1. Take the Cβ-Cβ distance between Asp11 and Ala153 as r, set R0 to 22 Å, and report the resulting FRET efficiency rounded to the nearest 0.05.
2. Could you sort Phe128, Phe32 by their accessible area in this structure, using a 1.4 Å probe and putting the largest first?
3. What is the local net charge at Leu71, summed over the other residues whose Cβ is closer than 10 Å to its Cβ (Lys, Arg +1; Asp, Glu -1)?
4. Output the relative contact order of the range 23-104, whole-number percent, from Cα pairs under 8 angstrom with separation of 6+ residues.
5. In what sequence, highest mean first, do 76-87, 37-48, 19-30 appear when ranked by Cβ atoms within 10 angstrom?
6. Quick one: length gained pulling Leu62 to Asp26 fully straight, 0.36 nm per residue minus the C-alpha distance?
7. Do you know the relative contact order of the range 5-161, to the nearest whole percent, from alpha carbon pairs under 8 angstrom that are 6+ apart?
8. Any chance you could look up the accessible area of Tyr54 with a 1.4 Å probe, heavy atoms only, rounded to 10 Å²?
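The values are calculated or read from the model by the stated rules, or taken from the named source; none is laboratory data. Treat the numbers as computed from the prediction; the structure is a model and nothing was measured. Here the Cβ positions follow ideal geometry from the backbone for every residue, glycine too, while neighbour counts run over all protein chains shown. Heavy atoms of the whole protein, side chains included, go into the accessibility calculation; ligands, DNA and RNA do not. Shrake-Rupley method; radii C 1.70, N 1.55, O 1.52, S 1.80 Å.
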Amino acid sequence: MPASFRNLPQDDLLRLGLEALHASADSRALVFLREAADRSDATGKALFLLGSLYADAGLYELAAETMARSLELDPDDPVARFQLGLLHLTGSDPEAAQRVWAPLAERSPSDAFRVFHEGLERLIREDFSGAVERLKLGMSLNESLPVLNGDIAALIQRIENLAVSAASLPAASAGETTAVDSPVHALYLSAYARSRTH
């Protein structure tokens, strides 16, 4: 990064990072956002965006660390909290996901992210019908991040397909299929990338 960029204030780094993301220039965005995140005045949003870039690149452990830092700075950001929980869930660590999501349960009963979280909690317990019911309700309540609804709808379809497959398997085989398999993984990769400029 040219020295002149390092003299830019935090707001300008974030703006330039967002512009690069909108232009699909992820490598350029990474330069600005890493500089923003490394500063003492780093913001939760800069870290959220940087974490999303790491996740896009498949650097999931680094993405989780960065997202955790973003929540330390902005613990009330439901998007970052929801996405970090998804990251843990797709990494086959449902207990970590539940710990991250726990504060979402304190939000309003009509809050979309609380309801989405409730749906994924039911998915972890393999309560497929309950998961679908809560996720559909969350979609109807979601006004802050409508792009996420397409991913939730795709997840619902996968859950329904998984439920049909599980029902057709012998009892012993059905137990080998976990609720956090591919349906949630596909949601995470898509939603995470597309929600990063919230």
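1. Values: r = 35 Å, r/R0 = 1.60.
Approximately 0.05, to the nearest 0.05.
2. Numbers: Phe128 35, Phe32 5 Å².
Accessible-area ranking of Phe128, Phe32, largest first: Phe128, Phe32.
3. Values: positive: Arg69, Arg81; negative: Glu72, Asp74, Asp76, Asp77.
Result for the neighbourhood of Leu71: -2.
4. Details: 80 pairs, mean separation 16.1, N = 82.
Worked out over the range 23-104, it gives 20 percent.
5. Details: 76-87: 22.8, 37-48: 18.1, 19-30: 14.7.
Output ranking for 76-87, 37-48, 19-30: 76-87, 37-48, 19-30.
6. Working: separation 36, 0.36 × 36 = 12.96 nm, distance 1.64 nm.
In short, 11.3 nm is gained.
7. On the way: 173 pairs, mean separation 17.5, N = 157.
It comes to 11 percent, rounded to a whole number.
8. Taking all protein chains as shown, Tyr54 has close to 30 Å².
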